[in-house]
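This report refers to the structure that appears directly beneath it.
The values are calculated or read from the model by the stated rules, or taken from the named source; none is laboratory data. As the structure is a computational prediction, the values presented were derived from the model and not from experiment. Here the Cβ positions follow ideal geometry from the backbone for every residue, glycine too, while neighbour counts run over all protein chains shown.
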Amino acid sequence: MICRTEGLVLRGYNMSESSKVVVLYTRDQGKLRLAARGARRPKSKFGASLEAITWGTYVFYTRENRELQTLTEGDIISPFDGIKKDYRKMVFASAVCDLLDHLTPDEDRNALLCSNTLDTLRWMESISSMAIELPLWYFQLKAASSLGYRPHLSGCVQCGQRLVGNEIRFNPVLGGTVCGSCGYGGMVVKRSTVSFLESLQTATPDRIDVKDFFRSDRQEGQRILRQFLDYHIESRNKVKALDFLDRMLAAEGPPEPYRGSGHGVGM
């Protein structure tokens, strides 16, 4: 059977001297692994349509009892050039694609997650590279919600009571913030950090003020999201883009404090 779908290329790997396997995330069929024969040849008919972080239209043949289906055509809709021309944006966008690959099983349709991913990449194209971590935070929270393990940030995840004080606790095992009466596990974090992350859960990129990101404790926000992901990804050591991102951020040192409008950051 011949199928046509729109999808995002997450990655590819070699299958033979002339062919490769492409991992594609689609809105209507979920994640697919397709064999692109001849894709590694210099004058391949696929051109740049199989590059990672590319949204396009793809045609493939399906046969029952086959692990890999055969990709026959690929046409680019959005190459996300604004990301690919900026090294820092490429690192963060690669982390989005790598996370999407690790968080989703094959052929498990999730149209909302696909839309959130595209929103994230479009935002990454337009935002300043100085604020590129903000769309990644947005994607992590939206993905968690779409996949059914949204972190609870509006009160105590155990008893539902309001949290008091400027410092509260976040417990990734329990799935959110906890009050002192329900336990002392997890990490102590600022209420303002949790409040900002909570606002990202329901907002769309056009409703998010980038200045609020720079005013937040970015290292604390990183720790909350990373520990939460560590708990939900069984084999995080395989998420190479996240490990590379960690090394890049460590090399850059602590983020600079917010100094008003001097960052020149925009949507």
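Take the residues in segment 69-117 that are aromatic (Phe, Trp, Tyr) and more than 30 Å from residue 2 (Cα to Cα), then tell me which one is surrounded by the most Cβ atoms within 10 Å (Cβ to Cβ).
The qualifying residue surrounded by the most Cβ atoms within 10 Å (Cβ to Cβ) is 92.
Could you list, in sequence order, the residues of segment 121-131 that are assigned to a helix (DSSP H, G or I), modelled with pLDDT of 95 or more and either surrounded by 18 or more Cβ atoms within 10 Å (Cβ to Cβ) or not hydroxyl-bearing (Ser, Thr, Tyr) (or both)?
121, 122, 123, 124, 125, 131
Here are some residues: 134, 118, 141. Which one is touching a Phe, Trp or Tyr at 6+ places or on another chain (Cβ under 6 Å), of a type outside the set (Asp, Glu), in contact (Cβ under 8 Å) with a residue 60 or more places away in the chain and part of a helix (DSSP H, G or I)?
Answer to the check: 134.
Quick one: residue 150 ticks every box in (1) in a loop (DSSP other than H, G, I, E, B); (2) more than 20 Å from residue 117 (Cβ to Cβ); (3) touching a Gly at 6+ places or on another chain (Cβ under 9 Å) except a single one, so which number is it?
(2)
Before we move on, is residue 114 out of contact with any helix residue (DSSP H, G or I) (no Cβ under 8 Å at 6 or more places or on another chain) and at pLDDT below 95?
no
Counting just the residues of segment 204-234 that are in a loop (DSSP other than H, G, I, E, B) and touching a residue at least 60 places away in the same chain (Cβ under 8 Å), which one comes out nearest to residue 163 (Cα to Cα)?
Filtering first and then ranking leaves 208.
Tell me, yes or no, whether segment 88-109 has at least one residue that is of a type in the set (Asp, Glu), touching a residue at least 40 places away in the same chain (Cβ under 8 Å) and not assigned by TED's automatic domain parsing to the domain that holds residue 145.
No, segment 88-109 has no match at all.
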